[in-house]
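Everything below concerns the one structure shown next.
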Amino acid sequence: MEDDARSTSPSSVSTYPAVYEDATDAHVLDPRRALDLHHVASSSPDLNLKIKPSLPSLANVGLSRTRTLPLRSPRRSISIFPTLQGISFEVENVERLRRWVLGLAIGNFDFDLEQGPSLNCIFPPLPLYPFEAENIAFSAFPDSALFKEGSETHSFRIREQVARTNQGGSSLFDYRRVASPDGFLYGFSHFTQERSATSKRGYSQRCIVVLTHHPYPALFCALLDKLGPLYHAHGDPILEVASHNIAKWPPPVPGSTKELGFLGSVLHVELPRDLDEQQLGNGPHMHAVTDQDWHLLACLPPIAPLSIIQIFEASLSHLWSIWECLVLCEPIIIFGQSPAWTSNAIWWLRDVIRPIPWVGDFRPYFTIHDKEYKTLVNEKAPKAGLLLGVTNPFFEKTCSHWPHVLTLGGKSSHQDPPARFGPSPGWKTKTHKRYTSKDRQLLRILETTAESGSAKALAEGSFNLRRHLSSRSAAVLVPLNRYLNTLIPRPSEASTGLRLKSFNNANFFASLKTHGAVLPFRSGAKQREFYERWLRTPAFGMWLARQEDLVSRTLGNARDEKES
């Protein structure tokens, strides 16, 4: 009786989230209907209690990828899957928790190979469309034959569609979901696989996924490194503790440093002012991880078992070409032996391009089951600035027309046994010719470090490489900022308005010829060609729009202060 009273209390949440088939269903569903389904359809606390089709015999089927092409379940207007049973979570805590995290999803992947993996529950309840739930399930599961036993943490990014409900909401729980700032949902998955005699597939496979609107890989992967093993050891109760910890965190204010308590540890987290701000630490151990005290720069790539030097080992001599392609918004497909490799690599590439605005789409781990597969992977030229991280060799054929292919790994490939997950490790480009000179001294150090395998040397080398490429990204903007200063109206020109003067390409190149650039271009012709190309990218358009807005606000504030 106490449980029944608690489940109907207006101040707590313990129910099933609805999964909407389309927008027309989303706005007509009364959340109380989901509660009725909860009371009528399920009285069992078993999270795995679901109606499933009979499974074919898997006696002769080894552990393998799911089918190459996804088979979707029959169309249903509403699907229901459970949240955690017997756990009370006040609505106020849900609101505070969702300042950082939308929910924690649980998956146990003893699945039918014809249907693929599925989620078991999400806590707190979160409304999802079926394609979102399917994307999360497939993205949380590593589609890689190389992964045997153990755990790994990887991340993914899927396009979001907010489910709408009646304006009245629910007295128990308001199912309306706040829209993402960039239109995407970020998932960080801790996946565990072990041999199991009781599993039909021979392995026990499960994951816990942090769902969020914040692209803070260092923060959320650090949380999972702590939460994943504890969930494996203690089960569902640890999720309640973790959720209450997060609900007590202060709001995430851009540009601030927050002290966040989590499962017996304290995280000192530096948040960026905006997502294109460079977060530069003082050394290779900026994460400074101890068991109880962590210092994190939120937007940095996560700490990985293998260093960036090892992940890019076969392409170290081409990193300057890869960096140029990123600056020029060129699309790149990235093959890796596991989702952990591709997601770490893509977050790292996203990071070193700062403070240049990022305008392209990026998917740290992308599968053929993604709702946007046909939009992003087709016979047309790939979209500008698109980065896809994949582990399925099927993409080698479907993306054979892409101009740039990066395959992670090195001479030893750091894998046992070696297996094929795409093209041979290295960098292949059909169109790009390098504009800038390499830092050959740094390259020699990196190659020596990769051969040595020293953990300390690899950490220091990875830090120096990140600092080097980040400084080059900042250097790209130096000639533009210098010319931009000539476009700011002087006080005597106030009558002409408070806007930046128009950007003139000819005048910019005249300034570039006179003053030069910070970057070490291979020739004057290469320098001009590089900037001619960059002025045609969407990144330049976004950069200029931001500068115009900044100048207008600054001049406006100065005028207001003068008048007051």
Problem - Cα shape, the range 343-491, gyration tensor, a/c 1.5 rule - result: oblate
Handout entry: Residues of the range 509-564: accessible area per residue with a 1.4 Å probe, Å²
Key = 63
Handout entry: Cβ crowding within 10 Å averaged over residues, with 425-433, 460-468 ranked highest first
Key = 460-468, 425-433
Completion exercise
So, relative contact order of the range 211-276 in percent, Cα under 8 Å, 6 or more apart, is 23
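Over the range 452-561, with every protein chain in place, what whole percent of the accessible area is carbon and sulfur at 1.4 Å, could you tell me?
51
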Handout entry: Relative contact order %, the range 324-412, counting alpha carbon pairs below 8 Å whose residues are six or more apart
Key = 47
Handout entry: Heavy atoms of Y373 accessible to a 1.4 Å probe, total area in Å² rounded to 10
Key = 40
Exercise for the section: Send over a whole-number figure in Å² for the accessible area per residue of the range 180-273, probe 1.4 Å. Expected result: 37
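The values are calculated or read from the model by the stated rules, or taken from the named source; none is laboratory data. These figures come from a predicted structure and were not determined experimentally. Positions of Cβ are generated from backbone atoms using ideal geometry, with glycine treated the same way; all protein chains shown enter the neighbour counts. With ligands, DNA and RNA removed, areas are computed over all heavy atoms of the protein, side chains included. Shrake-Rupley method; radii C 1.70, N 1.55, O 1.52, S 1.80 Å.
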